[in-house]
Structures are given as structure tokens and as C-alpha cells.
Amino acid sequence: MEKIYLFIAVPASLILLIQTSLTFLGLSGEIDADFDGDGDVNGTGESGLTLFSVRNLVAFFTFFGWGGLWLRSMGVAPVFTVLGSIFLGMLFMLISMGLFLLVSKMQRSGNIDLNNAIGKLGEVYIPIPGNRKHTGKVNIIIQGALREVEAFTDDLEDLKTGSTVQVIAVESGARLIVKKYERGGKTNAL
């Protein structure tokens, strides 16, 4: 029975270690996808409070396995070892879920003030149709961090990917109003 617990605990621990490292490095969490066609779809998946996620199942199996080994080493009867392992797995799964939720909230904290972008230069990431027909996106450094922000333009021409733009205003709804920036040719905005 100890071999079964060990067979579950070791791989799950390695996967949990990799997941935790990626989260603290900022390489997991939010997935953002934009699709343009006749309509506009903006799908955003965020790591939130989900009971049956891969991360939580890995945490469950990690502590289920190590809990089972610990209880067996203490001489606990097999039935109580399984029940105790399930309890420990659920407990640490909930703790892990809470910790990852706290980390994801820290990554998404709303302390970036878009008004600090006014007058700054950025680079068009997703083309911005002219005359405020639709939003596009710009990459811009705000408060020392590179951000991808939705933007409109009052310019008559469309702003193509890679164009340098200057922020002239912020619209409610966290959107920037930008204009094409030209000063002796293309300027490196970032």
C-alpha cells in the first residue's frame, strides 16, 4: 500500500512544484484571446476559485499521497489511512486554492492609473480602425510596467500594427484615445 501512495505522491509533487514556480514567475494565470471577423469576440479566462481545476487536483493527489505515507508510517489502520489521506488531500487542496487565488489577485491588482499614460508613446499591437469605428490595442509602459490596453483613435486613417502612437486622453471604461505619432520617421515607443 505504501508503494501506491508513493507512486501518487512523487509525480504529483513534481507537477505541483512546476505549477507553483510558473505561477510565481507570472507564466500562468490569465489567457487572453481576441478574434476579429464580422463581430468581435474577446474571451478571457482567469484563474479563479474553481474546485476541480488541474492545479487543485494535483494538490489533492500530492497531499493524499504524502498523507497516506505518513499515516501508514504511524501504524494507522488501512481504512483510516485512506480516510485520513482523503481528508488531508482535500484540506491542502483548499489551502492551495486559496493561495493561488491570493497570488492571482495580486497580479491583477487595480492600482494602475491609466491617466498616467496621457502624453506617453506606445506601439499599436492590434490595428486601431480610424474615426473610432472600433477599438484596437496598444502596448505602452504605464507606471514602469508594460501594459496591453484597448484604444480608439480620432484619426481618419487606420493605425496599423507597429505604428507609434501618443496617448491624448483616457475614456471611461479603461480605454485610451491615441493619435499617430511622427517625429522624423518611426520612433521606438517602447
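The values are calculated or read from the model by the stated rules, or taken from the named source; none is laboratory data. A quick note: this is a predicted structure, and the numbers were derived from the prediction, not measured. Don't worry about glycine lacking a Cβ; one is built from the backbone with ideal geometry, like all the others, and counts go over all protein chains shown. Heavy atoms of the whole protein, side chains included, go into the accessibility calculation; ligands, DNA and RNA do not. Shrake-Rupley method; radii C 1.70, N 1.55, O 1.52, S 1.80 Å.
Suppose we filter the stretch 60-104 for residues that are within 17 Å of I4 (Cα to Cα) and in a helix (DSSP H, G or I); how many remain?
Matching residues across the stretch 60-104 total 25.
So that you can scan it fast, the table gives a plain yes or no per residue for (1) modelled with pLDDT under 85; (2) within 30 Å of I128 (Cα to Cα); (3) surrounded by 12 or more Cβ atoms within 10 Å (Cβ to Cβ):
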{"position": "K3", "(1), (2), (3)": "no, no, no"}
{"position": "L14", "(1), (2), (3)": "no, no, yes"}
{"position": "G29", "(1), (2), (3)": "yes, yes, yes"}
{"position": "G45", "(1), (2), (3)": "yes, yes, no"}
{"position": "F52", "(1), (2), (3)": "yes, no, no"}
{"position": "A59", "(1), (2), (3)": "no, no, yes"}
{"position": "G67", "(1), (2), (3)": "no, no, yes"}
{"position": "G75", "(1), (2), (3)": "no, no, no"}
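Pick out the one residue from L88, L121, L71, L114 that is surrounded by 17 or more Cβ atoms within 10 Å (Cβ to Cβ), in contact with a Leu (Cβ under 9 Å, 6 or more places away or on another chain), at pLDDT 90 or above and farther than 30 Å from L17 by Cβ.
L121
Identify the residue in the stretch 91-100 that is open to solvent by 40 Å² or more (accessible area, probe 1.4 Å) and more than 14 Å from A12 (Cα to Cα) and, among all such residues, is modelled with the lowest pLDDT.
L99
For the stretch 136-172, give me each residue that is in a loop (DSSP other than H, G, I, E, B) and open to solvent by 20 Å² or more (accessible area, probe 1.4 Å).
Passing the criteria: Q143, G144, D154, D155, L156, E157, D158, K160, T161, S163, S172.
Can you tell me which residue among S96, S73, S163, S172 is more than 28 Å from the chain's Cα centre (by Cα) and among the hydroxyl-bearing types (S, T, Y)?
S73
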